[in-house]
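Only one structure is covered here, and it is reproduced in the block below.
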Amino acid sequence: MTRNHLFALPARVLHWTMAVLILAMLLIGAGMVSTTTARYPELLAWHRPIGIVILLLALIRVVVRLTHRPPPLPSDLPPLMAAGAKGSHYLFYGLMLAMPLIGWGMQSAGGYPVLLWKGAVLPPILAHEPLLYAWLRYAHGLLGYAFFLLILGHVGAALFHGLIRRDGVLESMTGAATPHLDEPSVVDPLPADPAFPPAYD
Amino acid sequence: MPPPGQTVARLGVIAVILVAAVLVFAWVAGFLSPGRISGGAVADVLEAANGKVYPGFRRAHAKGLCVAGRFEANGAGVALSRAALFPRGTVPVTGRFSTGGGNPLATDGRNVFHALGLRFALPGGEEWRMAIDHTPIFVVSNPADFVALQQASVPDPKTGKPDPARLKAFVTTHPETQAFLDYMKTAPLPSSFANGTYYSIDAFRFIDQAGTNRFVRWHFVPEAPFAALDKAKLDALPNDALFDEARTRIAKGPLTWRMVVTLANPGDRTDNATVRWTGPHREVEVGTLVLDRATTEAAGDCRDYNFDPLILPRGVAASDDPLLPARSAAYSASFRRRTIEGPHPDAISQEAGQ
């Protein structure tokens, strides 16, 4: 049983903070390129500083990951699911770091001033090179969709752990106690299951 | 694992959550709103109205010439805006003269719309970019009308020309477009890029040190004496007449304009670029634009920039004019497309042997 195996508190705080920021960021990005209304410059003005905040948090998160051992996956997890869990987390770290850097880099290569906010301009991290801008901009959009799909898979898997397998993996990040018969958890709004705890416990 | 019946129900819950997330994303991204106009949709309709895509070129104002020089601020603008352009001093400027239309090879006599893109390089990496035109008003007041007008201008595949009936239908229901066309018909056409007045088109907001907001428009008044083109003989103009004239003229001496800021009166429309501010207005001359170098696009430093009118420094902000965000989004879409296509040889550079 994994009930005492939680992610470290800094890891959980970073996870949920970044979850909100990254979801907001993907929606801001997808929304701003869809419109020519005043929402376009408004969303764009939010997109850049949030991206830099995500980059900074992602760097902190790498340090936290390297200094705090995450709880082990359940030993009975099928190898394919375990591989998916591991692989998807590498993708998450990659995208969390790459997306802001690509954004910053593409604006630099496009010859744009990289505004954090009015009057606060970040230095360019790439030389003005239109073709490089073009491909980075293309990658930024494509990886944004990929990021959203990855999050869908992540949420699906987390809910599968929490609702179907009920192996404590979801709770290792929510920080909630592993659900019991007598204490329905906020993460488990469905009727308590008489078969719980599972046989492997 | 829960019993099979519950497992199905719980899988259903997971599916509902994921589908809901996809729907929210799709809604935000506009996939469920075919009527929403994106910057890309504006670029699409410009390409359609051009009759074809000219790879590597701007989707509008495709034909251009790079210029460079400086802005000499006289200090008077400081009372209106905290923008770093306005304290007395000199700021480097690069820019681009262009004619309207999406055909980079069009003859200058046919493209009667003159424009100037400017990049003011302010201290601390700040920039102020402008895309200003030689007309004080614009042809439509909002992006939906712009798209509809371009759609009405798409060449008929049979004749290769726009259907006059469709254009007429648009103009009939849009008196502001008729007013613009009347203006174009009656207003004399500058004979040179150098002797035209360039207008901000849209209203903007200036914010001063105290945080006071003022709605403004601005224009650049040429020092060169005005002369008009003979509109009856436009077709007879050599292909690159305007651009050649600008290169020749700037080689002889700098071109200068006085930048004049017009402050809105109470009741002036700030949300509609088809409406002029008439009657007496307070005007403040804030400095002089000096352009002393002209270079072809291939050799110059203007082609690979987006003269997005919403790249603004502290002290300047957008008004409530719906054209401004639309211009910003559409220029950005055009920039994405032409940069991925890569630069293509432009008419002026070819003529200049570059």
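The values are calculated or read from the model by the stated rules, or taken from the named source; none is laboratory data. Worth saying up front: this structure is predicted, and the values here are computed from it rather than measured. Ideal geometry is used to build each Cβ from the backbone, glycine not excepted, and the neighbour counts take in all protein chains shown.
Summary table
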{"item": "Qualifying residue in the range B:4-13 (condition: surrounded by 18 or more Cβ atoms within 10 Å (Cβ to Cβ) and not assigned by TED's automatic domain parsing to the domain that holds B:SER98)", "result": "yes"}
{"item": "Unique residue being within 23 Å of the chain's Cα centre (by Cα) and basic (Lys, Arg) when the list is B:LYS185, B:LYS168", "result": "B:LYS185"}
{"item": "Residue in the range B:202-210 that is within 14 Å of another protein chain (Cβ to nearest Cβ), among the aromatic types (Phe, Trp, Tyr), in a loop (DSSP other than H, G, I, E, B) and in contact (Cβ under 8 Å) with a residue 60 or more places away in the chain present", "result": "no"}
{"item": "Matching option when the condition is crowded, with 18+ Cβ neighbours inside 10 Å, under 18 Å from A:LEU97 (Cβ atoms) and within 15 Å of the chain's Cα centre (by Cα), among A:ILE52, A:ILE22", "result": "A:ILE22"}
{"item": "Residue within the range B:269-276 that is of a type outside the set (Gly, Ala, Ser) and within 11 Å of chain A (Cβ to nearest Cβ) present", "result": "yes"}
{"item": "Residue identified as under 19 Å from the mean Cα position of the chain (by Cα), surrounded by 20 or more Cβ atoms within 10 Å (Cβ to Cβ), assigned to a loop (DSSP other than H, G, I, E, B) and not charged (D, E, K, R) among B:GLY95, B:GLY117, B:GLY102", "result": "B:GLY102"}
{"item": "Which listed residue, of A:MET96, A:MET106, is within 14 Å of chain B (Cβ to nearest Cβ), buried (at least 16 other Cβ atoms within 10 Å of the Cβ) and either in a helix (DSSP H, G or I) or in contact (Cβ under 8 Å) with a residue 24 or more places away in the chain (or both)", "result": "A:MET106"}
{"item": "Of all residues making up the range A:42-86, the number that are acidic (Asp, Glu) and in a loop (DSSP other than H, G, I, E, B)", "result": "1"}
{"item": "In the range B:27-70, residue farthest from the other protein chains (Cβ to nearest Cβ) [restricted to those that are of a type in the set (Lys, Arg) and surrounded by 21 or more Cβ atoms within 10 Å (Cβ to Cβ)]", "result": "B:LYS63"}
{"item": "Filter result (in a helix (DSSP H, G or I), out of contact with any Lys or Arg (no Cβ under 7 Å at 6 or more places or on another chain) and either away from chain A (no Cβ under 12 Å) or farther than 21 Å from B:ALA43 by Cα (or both)) within the range B:317-354", "result": "B:ILE348, B:SER349, B:GLN350, B:GLU351"}
{"item": "Matching residues, the range A:123-167, being part of a helix (DSSP H, G or I), more than 8 Å from chain B (Cβ to nearest Cβ) and under 27 Å from B:THR339 (Cβ atoms)", "result": "A:LEU132, A:LEU136, A:ALA139, A:HIS140, A:GLY141, A:LEU142, A:LEU143, A:GLY144, A:TYR145, A:ALA146, A:PHE147, A:LEU149"}
{"item": "Residue check for B:THR172: of a type in the set (Ser, Thr, Tyr) and either exposed (fewer than 15 other Cβ atoms within 10 Å of the Cβ) or outside the structural domain of B:ALA246 (by TED's automatic domain parsing) (or both)", "result": "yes"}
{"item": "Qualifying position, being closer than 30 Å to B:LEU167 by Cα and assigned to a helix (DSSP H, G or I), among B:LEU46, B:LEU23", "result": "B:LEU46"}
{"item": "Qualifying positions in the range A:20-41 - in contact (Cβ under 8 Å) with a residue 12 or more places away in the chain and not in a loop (DSSP other than H, G, I, E, B)", "result": "A:LEU21, A:ILE22, A:LEU23, A:ALA24, A:MET25, A:LEU26, A:ILE28, A:GLY29, A:ALA30, A:GLY31, A:MET32"}
{"item": "Test: residue in the range B:146-169 that is assigned to a helix (DSSP H, G or I), within 14 Å of chain A (Cβ to nearest Cβ) and more than 30 Å from A:GLN107 (Cβ to Cβ)", "result": "yes"}
{"item": "Single residue of the range A:63-81 satisfying the filter (surrounded by 14 or more Cβ atoms within 10 Å (Cβ to Cβ) and hydrophobic (A, V, I, L, M, F, W, C)) that is modelled with the highest pLDDT", "result": "A:VAL64"}
